[in-house]
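Inspection log for the structure reproduced underneath, given as structure tokens.
The values are calculated or read from the model by the stated rules, or taken from the named source; none is laboratory data. None of the values given here were measured: they were computed from a predicted structure. Cβ placement follows ideal geometry from the backbone for every residue including glycine, while neighbour counts extend to all protein chains displayed. With ligands, DNA and RNA removed, areas are computed over all heavy atoms of the protein, side chains included. Shrake-Rupley method; radii C 1.70, N 1.55, O 1.52, S 1.80 Å.
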Amino acid sequence: MGLTNAQLRDHLDAVAAQDPVVAGAIQRVGYPEERIRPTGYRTLLRTIVGQQVSVAAASSVWGKLEAELGEDMHTGELLARDFDTLRACGLSRQKQGYARSLCELVEGGELDLENLPQDDEAAIAELTRIKGIGRWSAEIYLLFAEGRQDIWPAGDLAVQAACGKLFDLSERPSEKRTRALAEGWKPYRGAMAIFTWHAYANPAL
């Protein structure tokens, strides 16, 4: 499971004890709430469904898929459906390709989501074998579903923007600089990522 509220507070307090900038930011905007998703293929399928569409549209497609495939949405059930059936549920040709890639890897035993490598980079490499799952999606899964405490999605624009505000930079830092800025926050960069999303739009930051 993802990082709990108690873990977030403990990890952020540990960072704040070493970093007065973070300590001041927590005082101004408070602690974030936990963001937890279940482990397993359904969470990744929902990520694919939600790509480049509104929350409402993604929820509509998800509801149609549940009605068609059953609440458990077994990988074999999705693979057994033809193009037109999945299209009627709202899945484009591209997303069907992504969903089939995910299901085929799981069904064939090539991707074991309950036993991903302990090394974060190795786990990201495993997840990005799925068509349509890039580094950011893999990092979000590892952070929200597995609660890996040192995941740092430096390519996320909101994370970059919040870091720019934290460090009073004149412009949003690049992915490379955002990664460098967080070096001192190891091994708790996961909690800091969730904190930056929490603080991103807060005018007090």
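Brief remarks follow.
- Kirkwood hydrodynamic radius of the stretch 75-141, from inverse mean 1/r over distinct Cα pairs, in Å: 12.7
- Value of Rg/Rh across the stretch 127-201 [Cα atoms, Kirkwood radius]: 0.98
- Within the accessible area of the chain (1.4 Å probe), percent carbon and sulfur: 48
- Inter-label distance, nm, simple model (7 Å from Cα along the C-beta direction), Arg87/Glu71: 3.1
- C-alpha center-to-center spacing [the stretch 94-136, the stretch 1-25] in angstrom: 30
- Each 5 Å bin from zero holds the following percent of Cα-Cα pairs in the chain: 1, 7, 15, 17, 17, 14, 12, 8, 6, 3, 1, 0.
- These residues, Trp136, Trp197, go from largest to smallest accessible area, 1.4 Å probe, as Trp136, Trp197.
- Highest mean packing first, where packing is the average number of other Cβ atoms within 10 Å per residue, the peptides 43-54, 163-174 line up as 43-54, 163-174.
- Long-range tail of P(r) for the stretch 23-93 (Cα pairs > 15 Å, %): 62
- In the chain, the longest principal axis of the Cα atoms and the axis of helix 189-199 are about 80 degrees apart.
- Taking each residue as 0.36 nm, the span from Gln52 to Thr4 lengthens on full extension beyond its C-alpha to C-alpha distance by 14.5 nm.
- Rounded to the nearest 0.05, the FRET efficiency derived from the C-beta distance between Glu107 and Leu205 at R0 = 45 Å is 0.50.
- Distance between the stretch 141-184 and the stretch 36-82 - C-alpha centres, whole angstrom: 28
- FRET efficiency, 1/(1 + (r/R0)^6) with R0 35 Å, evaluated for Asn115 and Ala80 via beta carbons: 0.85
- Each Cα pair under 8 Å and six or more residues apart adds its sequence gap; the mean of these over the residue count of the stretch 77-205 is a relative contact order of 18 percent.
- Kirkwood-Stokes translational diffusion coefficient of the stretch 129-171, alpha-carbon pairs, 10 °C, 1.306 mPa s, µm²/s: 137
- Per-pair calculated FRET efficiency, R0 = 45 Å: Ala17 and Lys64 via Cβ, rounded to 0.05: 0.40
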